[in-house]
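Visitor: I am attaching a structure below and will ask some questions about it afterwards.
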Amino acid sequence: MVYVIIPAAGHGERFGGKNKKQFLMLADKPVFIHTLLAFQESACIDEIIFVVPEEDLPSTKALIRDYGLPKLKYVIAGGRSRQESVAAGMLLLKEKGQDDDIVLVHDGVRPLVTNTLIGAVVEGVRTFGAVVAARPVTDSLKEVTDGAVIQKSLARERIWAMQTPQGFYLSVLVEACRKGAEDHFYATDEAMLVERLGVPILCIEGPSENIKITTASDLKMAEFLLKNQNDSESVRAERA
Ligand code: C5P
C-alpha cells in the first residue's frame with residue numbers, strides 16, 4: 001500500500017490575517033482541495049490521511065463531501081507543530097499498515113504538486129529507500145548573526161531546498177518519528193528525522209512551481225502558476 005499523510009493543521013501565523021492559508025480560495029477551490037485532488041488523481045496513491053486543526057474537523061469534513069475523494073480515508077486532528085500533526089497520522093498507520101508499505105508526507109499548502117512528481121517519489125522509494133522532492137538553491141547563501149549581520153558565505157553548490165512530497169518505508173518513518181519524539185528533537189520536515197537514523201535520503205528535483213503557500217504573495221503566485229498550468233493543458237488538449 002502507498003499512503004500519503006497531508007498535514008494541514010497550521011494556524012498560518014506567518015500569513016497574517018485571521019484566515020488559515022490551507023482554507024483560502026485558490027481560483028475556484030480552497031487550497032487544500034487542490035492538494036487532495038492531486039493525490040486522489042495519482043494512480044500511485046492508495047489512501048490519503050488528512051490532518052487539520054481540531055476546531056476545523058467538522059467544517060472540513062462537510063466541505064470534502066462536495067468533491068469526489070474516495071481515497072481520503074481519514075480526516076484527523078493535528079497537533080501544535082507540523083511534526084506532531086504528522087505523528088498523529090503515523091500513529092494511525094502504525095496500527096493499520098505493514099512495515100514495507102510506503103508513506104509519503106506532503107504539505108497541505110503545496111497545492112501545485114504534480115502527478116509526475118508524486119509518481120517519481122513513490123518510484124524513488126522503491127529503488128532508493130528514502131526520497132525527498134527538493135531543488136538546488138539559486139541565491140547566494142550567508143550565515144548571519146541574530147541581528148542579521150553577515151558572518152560568512154556558504155557554498156551553495158551542494159545546498160538544496162527541501163520540498164514535499166517526502167517518501168519512506170513505513171517502518172523507517174515510524175522509527176524516525178519515535179526517536180525524534182523521544183529526543184525532543186524539533187524537525188521541520190521528515191528528512192530531518194530520518195537523517196538521524198543514518199538512512200541515506202535521495203533528493204529528486206521537484207518543479208519550481210511546487211511552492212509552499214506561506215505568505216499572501218505566495219497565494220497570488222500560486223494563482224498565476226495555476227492559470228498557466230491550466231492554459232498549457234488546454235493548448236495540449238486542443239492540439240491532440
Ligand atoms: O509550518 P509550515 O509552513 O512549514 O507548514 C507546512 C504544513 O504543515 C502546512 O500544510 C501546515 O498546515 C502544516 N502544519 C500542521 N500542523 C501544525 C503546523 C503546520 O499540520 N501544527
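Derivation of every value follows stated rules applied to the coordinates shown; laboratory data play no part. Quick caveat: nothing in here was measured; it's all calculated off a predicted structure. Neighbour counts are summed over all protein chains in view; Cβ atoms, including those assigned to glycine, are modelled from backbone coordinates with ideal geometry.
Visitor: Quick one: grab the alpha carbon gyration tensor of the range 200-240, order the square roots of its eigenvalues as a ≥ b ≥ c, and give me rounded if a/c is under 1.5, else prolate or oblate depending on whether a/b is larger than b/c. Let's see the in-between values first.
Guide: On the way: a/c = 5.69, a/b = 1.30, b/c = 4.39.
Because a/c hits 1.5 or more and a/b fails to exceed b/c, the range 200-240 counts as oblate.
Visitor: Here's a follow-up. Averaging the inverse of every distinct alpha carbon separation and then flipping it gives the Kirkwood radius. What is it for the chain, in angstrom units?
Guide: Details: mean 1/r = 0.0535 Å⁻¹.
Hydrodynamic radius (Kirkwood, Cα only) of the chain equals 18.7 Å.
Visitor: Over the alpha carbons of the range 97-156, what is the largest minus smallest coordinate on each principal axis, giving the biggest first in Å?
Guide: Dimensions of the range 97-156 along the principal axes of its Cα atoms: 48, 25, 20 Å.
Visitor: Oh, and also: Using the Kirkwood radius built from alpha carbon pairs, what does the Stokes-Einstein equation give as D for the range 5-143 at 10 °C and 1.306 mPa s, in µm² per second? Please list the in-between numbers first.
Guide: Values: Rh = 16.0 Å.
My calculation gives 99 µm²/s for D.
Visitor: Just to check I understand the Karplus step: with θ = phi - 60° and J = 6.51 cos²θ - 1.76 cosθ + 1.60, what whole-Hz values come out for the range 104-112, glycine and proline as x?
Guide: Computed from phi, the couplings for the range 104-112 are 9, 10, 9, 4, x, 9, 10, x, 9 Hz.
Visitor: Same structure, new question: Which log10 I(q)/I(0) values, to two decimals, does the range 114-186 give at q = 0.13 Å⁻¹ under the Debye formula with one point per Cα?
Guide: Rounded to two decimals, the profile gives -0.62.
Visitor: Compute the signed sum of charges (Lys and Arg +1, Asp and Glu -1) over the other residues within less than 9 Å, Cβ to Cβ, of residue 2.
Guide: Values: positive: none; negative: 46, 47, 101.
Neighbourhood net charge equals -3.
Visitor: If you take every DSSP beta bridge whose two residues both sit in the chain, what share of them, in percent to the nearest 5, is antiparallel?
Guide: Working: 16 of 34 bridges.
Looking only at bridges with both residues in the chain, the antiparallel portion is about 45 percent.
Visitor: From the convex hull of the Cα coordinates of the range 70-200, what is the mean projected area in square nanometres? Spell out each step's value before the answer.
Guide: On the way: hull surface 40.9 nm².
Over every viewing direction, the Cα hull of the range 70-200 projects on average to 10.2 nm².
Visitor: Hey, what did the chain get for relative contact order, percent, Cα under 8 Å, at least 6 apart?
Guide: Numbers: 422 pairs, mean separation 54.5, N = 240.
Computed over the chain, the figure is 23 percent.
Visitor: Given a 10 angstrom Cα cut-off, can you work out which residue in 21, 29, 71 is the most mobile in a GNM of the chain?
Guide: So, out of 21, 29, 71, the one fluctuating most is 29.
Visitor: Have a look at 130, 191, 181 and tell me which one the Gaussian network model of the chain (Cα, springs below 10 Å) gives the largest fluctuation.
Guide: 181
Visitor: OK, next. Under 5 Å between amide H atoms, partner at least 5 residues away or on a different chain: which partners does residue 72 have, H built in plane at 1.01 Å?
Guide: 48
Visitor: On to the next question. From the phi angles alone, apply the Karplus equation (6.51, -1.76, 1.60; θ = phi - 60°) to the range 63-73 and give each ³J(HN,Hα) in whole Hz, x where the residue is Gly or Pro.
Guide: So the J values, rounded to whole Hz, are 5, 4, 4, 6, 10, x, 10, x, 7, 7, 8.
Visitor: I need the semi-axes of the equivalent ellipsoid of the range 141-240: take the C-alpha gyration tensor, multiply each eigenvalue by 5, square-root it, list largest first in whole angstrom.
Guide: On the way: eigenvalues 213, 107, 40 Å².
Computed over the range 141-240, the values are 33, 23, 14 Å.
Visitor: Separate question: Per residue, how much space in cubic angstrom lies within the convex hull of the C-alpha atoms of the range 79-129?
Guide: On the way: hull volume 4.6 nm³, N = 51.
So the per-residue hull volume is 90 Å³.
Visitor: Once you order the gyration tensor axes a ≥ b ≥ c over the Cα atoms, which shape class does the range 38-116 get: rounded for a/c under 1.5, otherwise prolate or oblate by comparing a/b with b/c? Each step should come with its number before you reach the end.
Guide: Details: a/c = 1.44, a/b = 1.03, b/c = 1.39.
Verdict is rounded for the range 38-116.
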